[in-house]
Every structure is written in structure tokens, then in C-alpha cells.
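Read the structure below first, then the notes.
The values are calculated or read from the model by the stated rules, or taken from the named source; none is laboratory data. Only a predicted model underlies this, so the values are computations on that prediction, with no experimental measurement involved. Cβ placement follows ideal geometry from the backbone for every residue including glycine, while neighbour counts extend to all protein chains displayed. The protein model used for the area step is the full one, side chains on, heavy atoms only, and it has no ligands, DNA or RNA in it. Shrake-Rupley method; radii C 1.70, N 1.55, O 1.52, S 1.80 Å.
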Amino acid sequence: MTKKILIIADPLDKLSIYADSTYLLFLTAKDLGMSINFCNPNQIYALNNHAYALIHQVTINHGLDDIHSTANWFSLSEAKSTLLDEFDAILVRNDPPFTLEYYYLTQLLGLVANNVKIFNPAHSLRNFNEKLAILNFPQLITPTLVSKNKSIMLEFIQQHGLCVAKPIDMMAGRGVFQISADNPNQNPILETLTDYFSQTIMLQKFIPEVVAGDKRIFIINGEVVDYCLYRIPQPGQIRGNLAVGGRGEVNKLNDQDYHIARTVAKWTKQQGILIAGIDVIGNYLTEINITSPTAMQHIYQVSGINIAKLILELI
């Protein structure tokens, strides 16, 4: 029986055919013979106790054998109002930031019937912030503070020396600063990130191994994928995110990577999280990404492991 799936994503014409994991999901679904549908978040609505969306049927114009064709890769039907309960699976792939609108989306998806598989489930998207989720693993993280209190933050920086400060609800390295007690910009950085100490941020003791890159490791339904993407910063930089100029390099996991990933995998399985992309720097866990983790395409191109297929085969 043909599986009918809905992919919630940002505009399809904005996806990179060379890098986006969502693009790989579309092509893989086509090769698996699935009925593919698309909407963006603002097309989802509730009427009483049911969730609907203005849905486009998607025609994919080539498959994995021609993955980087520059020809138009998709076409869309006219949008039609559709009950979300009609789908076998819904994949939530729109990017953060996690705003109130994203929160409302998770509430609407919570109305969908239990026989529709949602990747990731609405309750997990709502309950597990990608930065804060690491606090469940104190043995795996560098010293970490979550606060908006100026004196507490200054004390933490004084204690640990060189630190990293970052917002809690952003992605792709946005708003990440290196900070130290002797940096004349210490106060302006904290003022900016906290909006003058009204918004909570994260401070972490700096991990020197970041110059060698951070690793994106995938966990699918509690199973660790054997290859990861190293995201290596440009010289003199601390952010390896590809969106800000980092260089990607695919490698097999080492023993410490497996230890960290398998520890987190037990937790993701318990929480019903089907897709997670964890970030590791040196021997430390730094994030647990469950909204729309990327790097699947890089790993597929080098290792031949199609993480998108591992996901879709769970339907």
C-alpha cells in the first residue's frame, strides 16, 4: 500500500540541492514510491478539535540517481484543504528559531490522530529545547550555565575563564560569541544576547578542540549512524556551522563518539524521539537537535548511508 506523507518545510525553492537534508528526504520518498505532499507552517490550522492544512501534492522530477540535477526538481499542485489525520506520516522540517509560532505549531500537531507518525512527535519538539536538552547529561557536557542574571553570569565567566555565550532558541551558529572576563566587550555581549538581562541564554566553558571541528552525529529511532559530519571552522573562527563558512568532512565515529551517542540514544528512545542530530566537540556533548537536523546529504554523498531512507522506512 502506498504510504502518504506530508513534509512541513520552508519554501521548496529555497532548498539547496547540494546540501539540504529536506531535499534528500523528498528524493528518497520519491524513490520509495511514496505519495508526497507539502505545506509550510502558515498553511496549518485547526477547526474545533481537528488539524488541517492547505496541502500541495508534490511531483518530484528526478531521483537519487540524478540527485544534483540543476533542472527544476519539483512541481506543486494547487493547495487543497486536507485533514492531517489522512496521512500515514508527517515530517516536521521547518527551521527554528523556536518562537511562539513554532510552539503553536506543536500544539496543532498534537491534535493529529495517534495512527499518524510524526517526526519528531509534537510533545518532544515542545518539551526538549535543543540547547537545554544536554542538561540531562551532566557527565557528558562542559561546565554549563543557563541564566539571565548578570552577576551569576559574570561569576561563571570569572571562574571558567574563556567561555562561549549563545542564545537558546537559534540555529546555524547564530548569536554565538566567545567571551572572557578580560574582554572589553564582555558586558555589551551579555547585554545584547539577553536583551539587557531579560532573556535567558547559555554560557559554557570554552572547548579548545572546537578548532578541529564539531561533529554532527545522527540517532534514528535509538540507533546510532556510524558516520558523522565534522564541521571545521575557518582559521581564527570558533563556529564550524556550514551556514557560516565551516568546511564539512565526513568520518567514521570513534569510540568516544559512540559512547556519547549511545548514551543519548537510550534517552531519545525513552522519550519517543525518532530523529536526533547530536553535536559533539572533543569529548563533550553540546546540542541535541530534534527540530530539523541537517547534514544527511553530506553523509550520504561520502558514506553511501542514506539517513533519509532510514527515517522513511520507519513509517
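Overview of values
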item: In segment 83-119, residue farthest from the chain's Cα centre (by Cα) [restricted to those that are at pLDDT below 95 and open to solvent by less than 20 Å² (accessible area, probe 1.4 Å)]; result: Tyr102
item: Failed condition for Ser124, given (1) among the polar types (S, T, N, Q); (2) farther than 18 Å from Asp10 by Cα; (3) open to solvent by 10 Å² or more (accessible area, probe 1.4 Å); result: (3)
item: Condition met for Leu76 (open to solvent by 30 Å² or more (accessible area, probe 1.4 Å) and more than 25 Å from Lys30 (Cα to Cα)); result: no
item: Strands (runs of 3 or more DSSP E) completely within segment 1-120 that count 1 or more residues being of a type in the set (Phe, Trp, Tyr); result: 35-39, 44-47, 50-60, 74-76, 117-119
item: Enumeration of residues in segment 273-287 that are part of a strand (DSSP E or B) and open to solvent by 20 Å² or more (accessible area, probe 1.4 Å); result: Ile281, Tyr284, Glu287
item: Cβ-Cβ under 7 Å pairs, at least 6 apart or on other chains, segment 242-253 side assigned to a strand (DSSP E or B) and among the β-branched types (Val, Ile, Thr), far side surrounded by 13 or more Cβ atoms within 10 Å (Cβ to Cβ) and at pLDDT 90 or above; result: Val250/Tyr227; Val250/Leu229; Val250/His298; Val250/Ile299; Val250/Val302; Val250/Ser303
item: Segment 199-217 residues that are open to solvent by 10 Å² or more (accessible area, probe 1.4 Å), paired with ones that are in a helix (DSSP H, G or I) (beta carbon under 8 Å, 6 or more apart); result: Gln199/Leu193; Thr200/Thr194; Lys205/His160; Phe206/His160; Lys215/Asp257
item: Segment 155-178, residues that are loosely packed, with under 15 Cβ neighbours inside 10 Å and either of a type in the set (Asp, Glu) or part of a helix (DSSP H, G or I) (or both); result: Glu155, Gln158, Gln159
item: Where a residue in segment 123-143 is touching a residue at least 40 places away in the same chain (Cβ under 8 Å) and more than 16 Å from Val280 (Cβ to Cβ) and its partner, wherever it lies, is open to solvent by 10 Å² or more (accessible area, probe 1.4 Å) and not in a loop (DSSP other than H, G, I, E, B), with Cβ under 6 Å and at least six apart; result: Ser124/Gln271; Pro143/His160; Pro143/Lys205
item: Whichever residue in segment 1-10 is out of contact with any Gly (no Cβ under 9 Å at 6 or more places or on another chain) and of a type outside the set (Lys, Arg) and, among such residues, is surrounded by the fewest Cβ atoms within 10 Å (Cβ to Cβ); result: Met1
item: Residues of segment 127-149 satisfying the condition of being of a type in the set (A, V, I, L, M) and either open to solvent by 30 Å² or more (accessible area, probe 1.4 Å) or part of a strand (DSSP E or B) (or both); result: Leu132, Leu135, Leu145, Val146
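Residue-by-condition table, conditions (1) free of Cβ contacts under 8 Å to residues at least 12 places away in the same chain; (2) surrounded by 19 or more Cβ atoms within 10 Å (Cβ to Cβ); (3) within 26 Å of Gly110 (Cα to Cα):
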| residue | (1), (2), (3) |
| --- | --- |
| Leu12 | no, yes, yes |
| Leu15 | yes, yes, no |
| Thr22 | no, yes, yes |
| Phe26 | no, yes, yes |
| Asp31 | no, no, no |
| Pro41 | no, no, yes |
| Ala46 | no, no, yes |
| Leu54 | no, no, yes |
